[in-house]
Amino acid sequence: MKRAHILQELREIFGPHGVLWEDYHLLLYEYDASIDKGRPDFVVFPTSTEQVAAAVRIANRYGLPIVVRGAGTGLSGGAVADQGGLMIVTTRMRRILQIDAANLRAVVQPGVVNIAISQAASAHGLYFAPDPSSQKACTIGGNIAANSGGPHCLAYGVTTNHVLGLEVVLPDGEVIEVGGAACDWPGYDLTGLMVGSEGTLGIITKAILRLMPTPEAVVTLLAVFDTVDQASEAVSAIIADGTIPGAIEMMDHTAIQAVESAKRCGYPMDAGAVLLIDVEGLPEGLEDLARHIARICEHFDAREVRIATDPAERERLWSGRKGAFGAMGRLAPSYLVQDGVVPRDQLPRVLRQIQEIGQRYGLVIANVFHAGDGNLHPLILFDERDPELTRRAVEAGAEIIRACVEAGGTLTGEHGIGLEKRDLMPLLFSPADLETMARIKAAFNPENCLNPCKMFPSTKMCLETWSRRKARMAEPIRYRAATSPPETEEELWI
Amino acid sequence: MDLTARYPLNGHIPQEVRQPQTVEEVAEVLREAARSGWAVVPWGSGAHQGIGHAPTRYDLALDLTRLSRVLRHRPANLTIRVEAGMRLADLNAMLAEHGQWLPLDPPFGERATIGGILATGLSGPLRARYGSARDLLIGIRVALADGTLIQGGGEVVKNVAGYDLPKLFHGSLGTLGVMVEAAFKLWPRPKAEATWAFGFSRMEDALPLTLSMLRHPGFPLAVEVLNARAWEMLRGTLELPEDPGARVWVLVRAGGWPAQVERIGRDAAAAASGAQVKDRLTEETASLLWSRIPDIGFLPSPAPRDGMSVRLGLLPSQLAEGAAALEAAEEIRVVWRAHGTLGLIYAEGRGPMEALLQWADALRSFALAQGGHFTILGGPESAKRAMGLWAPLRPEAEVMRRIKAQLDPEGRLNPGRFGWA
């Protein structure tokens, strides 16, 4: 009965074509690009901020958890409705509201696809710099929630460095503005806090972005090495030398095999590793700079360095990198991609550890990653239909993350914690660190109705807590493990 | 001299002073303060203690300048972790040996400590190229009000694990916790540099230059705009070009490989067609000039009784209107400078307090009408109380209040700095 009431209320706001509730429709919204699944009870497609706020109020009235989803390209399960509830899909909020070419600003709705912003800005010689590999599909709202990266974040920073202000619907339905088109809004930096908060603090309904001038010239280098070690040493040397290229990407032997058998982009099949390096900016001195970087690669025994200035040749060299994840299908039915980051001088050691972990679990691991940032993307190849292989892949992934943290790195560089890595959070953060984050969450989301159970360690209880939640909603949330009875301690992590 | 007298704020001195030497000692001091119910004001060099309201309670000065160690510098990674009491100038002197720098140039940067720069969120001209400390900060360690030590971020350049605590603490004026360590990404020093000065008779004529530098793919290091009064102050001690007809000066600082530097200079000169003077400065003059510019438009702490300094946040294309608004009051002597590509203006006014308040009030109305923001950075506490520290005060302030209540429930860290936190 309650379900019928909710549906009726939602249809009043969203009309017959703005709500999904039947199982065969909901199936399509039970997953993202991670391996976790969870079916929402209702899916709505708002076209305005007011509709988002209205949906939030309905969910609150009926005690439904809320999960926001853009294009569903996320890799950590952040947009999976594992507790059911109401899913708000932003893809019908896809208008670019303004391109201010004089001030290099864009104002967009959250459902705008990443690359559409650069396409709209290109007429003015501008672009939006963060370029996640899924940029042809992923939405800016998802990018902001995840603080997405991309190959060219080496020189220009990640999403958070390009977001100036947001309009946010809070979990109680109130709409606030944080930041704005000008720099340095006074008070706490709520914009900086919202970016990367994985939909747990508020719902982004509008964003003010910083655009960049398009580089006048780009030179792409392909450096071919016999071993991953040599290539990693070259990466560290290029960074330490004092020129920061636009991007430095690495692919190891396994990845090269997959890519070359899928499409011929001219990587030597017997190479141990290749580096793909973009130097860009002004044409003046750019080729000298490219040759300088080529010499550094040669110093670390690159057996061949190709320099491409012509757009078609550059495109061909990059096509392998951009299609690398897809090409893994040549080697195995499924892959699990990890996202650890290590200090750049630890790359050789950690890459060796990854190979060793693969051997120990009897799994093939390919590496395609943002070497300049130290952001690894080991692709663990397996077959999802085989539970034993799946279990081994997940365990090997966790072990790789552990190795990254031990090397002074972090759990995730750009994919987010979501469901996938929430139980790995204690590897990096103490109980006090996590408690502080839980308090910050409580300042925005005290009832924990927005994206519950994401980002914080689940321990035993997320589901249980949700079923008991309504009865306790009036109680204040307790944070202090030390002063609380043991059964409320779990509240901390939800 | 009594130690407490070295930490005056708005005419008050604290009852207690602590000068911890380690992070653990900071935590212990904060536990002591929690037991005693003391209101705590963290101190670095004191250069920026005038930012924000004077605290409403002030029992303990927590001096962090003895926490001044480099904890880990990984030159090959371009990352560093330091203690918060370290001076920026000392850090950059050390990094220069590696051809690296932390490219921050906030006001009073010769004295300022890392913790103070982070707490105030102040930046300088180099922000045009490198962003502010917000963009360079990759990790922090913080002692909370009860002495609990926490960390956020890490020591890698890309990291999305957990909430971005470095962003929250940056600019929080010491109201949420005491930053004790910070990790940064560093930049290589440019291989070559040059600075050009352009004098214009009106800000409108300078806009084509500043806006073309904003969209220049060579990314100039700094594009700083100064009014004539600021220029004359600098010219008192430096050999700078002169033009009695120039009301506005624009400095363009280019860095990179030599060919890129020359190209930026050529493009700047071409865009500055309305300039009366176009000069390339000598290396020595440029270096001295850039060390002095960040202090311009800022009042030192404690502020003089006849002065106020303010910040306007506008769009880069609104600087001409901003310049006109700043200089509209005849009885106020105004020195201002702006980050030309960022739209931030720092202005210092001198004159009778009543006229200063009218001047500030008009600027606030102007900034709000432009869709921007207004903040009083320096001046007598009475002026800050009369005006309110910043505008617009939006509904988001309620969320800020809740964050403050979560992290410092007893309200003992720099109470009242924001007016409400």
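Remarks
- Among the residues making up region A:246-268, those that are open to solvent by less than 20 Å² (accessible area, probe 1.4 Å) and farther than 9 Å from A:Gly320 by Cα are A:Gly246, A:Ala247, A:Ile248, A:Glu249, A:Met250, A:Met251, A:Asp252, A:Ala255, A:Ala258.
- Residue match in region A:228-243 (condition: out of contact with any helix residue (DSSP H, G or I) (no Cβ under 8 Å at 6 or more places or on another chain) and surrounded by fewer than 24 Cβ atoms within 10 Å (Cβ to Cβ)): yes
- Hey, B:Leu363 among the aliphatic types (A, V, I, L, M), part of a loop (DSSP other than H, G, I, E, B) and crowded, with 23+ Cβ neighbours inside 10 Å or not: no
- Total residues in region B:342-359, condition within 14 Å of another protein chain (Cβ to nearest Cβ), open to solvent by 10 Å² or more (accessible area, probe 1.4 Å) and part of a strand (DSSP E or B): 0
- Conditions (1) at pLDDT below 95; (2) acidic (Asp, Glu); (3) surrounded by fewer than 21 Cβ atoms within 10 Å (Cβ to Cβ): number failed by A:Glu284: (3)
- Taking region A:211-256 as the range and being within 14 Å of another protein chain (Cβ to nearest Cβ), hydrophobic (A, V, I, L, M, F, W, C) and not in a strand (DSSP E or B) as the test, the residues that pass are A:Leu211, A:Ala234, A:Val235, A:Ala237, A:Ile238, A:Ile239, A:Ala240, A:Ile244.
- Qualifying residues in region B:389-414 (those that are among the basic types (Lys, Arg) and not in a helix (DSSP H, G or I)) - the one farthest from the chain's Cα centre (by Cα): B:Arg412
- Of all the numbered requirements in (1) crowded, with 17+ Cβ neighbours inside 10 Å; (2) within 14 Å of chain B (Cβ to nearest Cβ); (3) over 30 Å from A:Arg422 (Cβ atoms), A:Ala308 misses one, and that requirement is (2).
- Of all residues in region A:16-34, those being surrounded by 11 or more Cβ atoms within 10 Å (Cβ to Cβ), of a type outside the set (Phe, Trp, Tyr) and not in a helix (DSSP H, G or I) number 7.
- Check on A:Leu347, over 30 Å from A:Leu424 (Cβ atoms), aliphatic (A, V, I, L, M), open to solvent by less than 20 Å² (accessible area, probe 1.4 Å) and within 14 Å of another protein chain (Cβ to nearest Cβ): no
- Counting only residues that are in contact with a Lys or Arg (Cβ under 8 Å, 6 or more places away or on another chain) and part of a helix (DSSP H, G or I), region B:256-312 holds 6 of them.
- Going through (1) within 12 Å of another protein chain (Cβ to nearest Cβ); (2) without any contact (Cβ under 8 Å) to a residue 40 or more places away in the chain; (3) surrounded by fewer than 23 Cβ atoms within 10 Å (Cβ to Cβ) one by one, A:Pro130 falls short only on (3).
- One residue stands out among those in region B:47-73 that are farther than 25 Å from B:Asp295 by Cα and within 14 Å of another protein chain (Cβ to nearest Cβ): the one that is most open to solvent (accessible area, probe 1.4 Å), which is B:Arg72.
- Positions within region B:205-220 being free of Cβ contacts under 8 Å to residues at least 40 places away in the same chain and open to solvent by 40 Å² or more (accessible area, probe 1.4 Å), in sequence order: B:Arg215
- Taking the listed residues A:Arg57, A:Arg94, the one that is at pLDDT 95 or above, open to solvent by 60 Å² or more (accessible area, probe 1.4 Å) and within 21 Å of the chain's Cα centre (by Cα) is A:Arg94, with no other qualifying.
- When region B:299-312 is filtered for residues that are open to solvent by less than 10 Å² (accessible area, probe 1.4 Å) and touching an Asp or Glu at 6+ places or on another chain (Cβ under 7 Å), the ones remaining, listed by number, are B:Gly307, B:Ser309.
The rows are residues; the columns are (1) modelled with pLDDT of 95 or more; (2) open to solvent by 20 Å² or more (accessible area, probe 1.4 Å); (3) among the β-branched types (Val, Ile, Thr).
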residue	(1), (2), (3)
B:Glu97	yes, yes, no
B:Trp101	yes, no, no
B:Pro106	yes, no, no
B:Arg111	yes, yes, no
B:Ile114	yes, no, yes
B:Leu126	yes, no, no
B:Arg129	yes, yes, no
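- Selected residue [open to solvent by 40 Å² or more (accessible area, probe 1.4 Å) and under 23 Å from the mean Cα position of the chain (by Cα)] from B:Arg385, B:Arg417: B:Arg385
- In region A:268-377, counting only helices (runs of 4 or more DSSP H) that sit wholly within it, the ones holding 1 or more residues that are within 30 Å of B:Phe184 (Cα to Cα) span A:286-299, A:311-322, A:347-361.
- Summed over region A:152-161, residues that are crowded, with 23+ Cβ neighbours inside 10 Å and touching a strand residue (DSSP E or B) at 6+ places or on another chain (Cβ under 7 Å) total 1.
- Within region A:95-132, the set of residues being polar (S, T, N, Q) and either closer than 14 Å to A:Gly72 by Cα or in contact with a helix residue (DSSP H, G or I) (Cβ under 6 Å, 6 or more places away or on another chain) (or both) comprises A:Asn103, A:Asn114.
- Enumeration of residues in region A:371-411 that are open to solvent by 10 Å² or more (accessible area, probe 1.4 Å), aliphatic (A, V, I, L, M) and touching an Asp or Glu at 6+ places or on another chain (Cβ under 8 Å): A:Leu389
- In the set B:Ala93, B:Ala84, B:Ala89, B:Ala76, only one residue is under 22 Å from B:Val23 (Cα atoms) and open to solvent by 10 Å² or more (accessible area, probe 1.4 Å); that residue is B:Ala89.
- Residues of region B:313-341 that are surrounded by fewer than 24 Cβ atoms within 10 Å (Cβ to Cβ), within 13 Å of another protein chain (Cβ to nearest Cβ) and either β-branched (Val, Ile, Thr) or assigned to a loop (DSSP other than H, G, I, E, B) (or both): B:Leu315 alone.
- Scanning region A:181-210 for residues that are open to solvent by less than 10 Å² (accessible area, probe 1.4 Å) and more than 7 Å from chain B (Cβ to nearest Cβ) yields A:Thr191, A:Met194, A:Thr200, A:Leu201, A:Gly202, A:Ile203, A:Thr205, A:Ala207, A:Leu209.
- Residue pairs whose Cβ atoms lie under 7 Å apart, sitting 6 or more positions apart in sequence or on different chains, and linking a residue in region B:157-178 that is touching a residue at least 12 places away in the same chain (Cβ under 8 Å) to a partner that is among the aromatic types (Phe, Trp, Tyr), are B:Leu168/A:Tyr188; B:Ser172/A:Tyr188; B:Leu173/B:Phe418; B:Thr175/B:Phe418; B:Leu176/B:Phe169; B:Gly177/B:Phe169.
- The number of residues in region B:393-412 being within 9 Å of another protein chain (Cβ to nearest Cβ) and open to solvent by 20 Å² or more (accessible area, probe 1.4 Å) comes to 8.
The values are calculated or read from the model by the stated rules, or taken from the named source; none is laboratory data. Quick caveat: nothing in here was measured; it's all calculated off a predicted structure. When we count neighbours, we look across all protein chains shown, and the Cβ atoms used for this are built from the backbone with ideal geometry, even at glycine. Note: areas computed on protein heavy atoms with side chains; ligands, DNA, RNA excluded. Shrake-Rupley method; radii C 1.70, N 1.55, O 1.52, S 1.80 Å.
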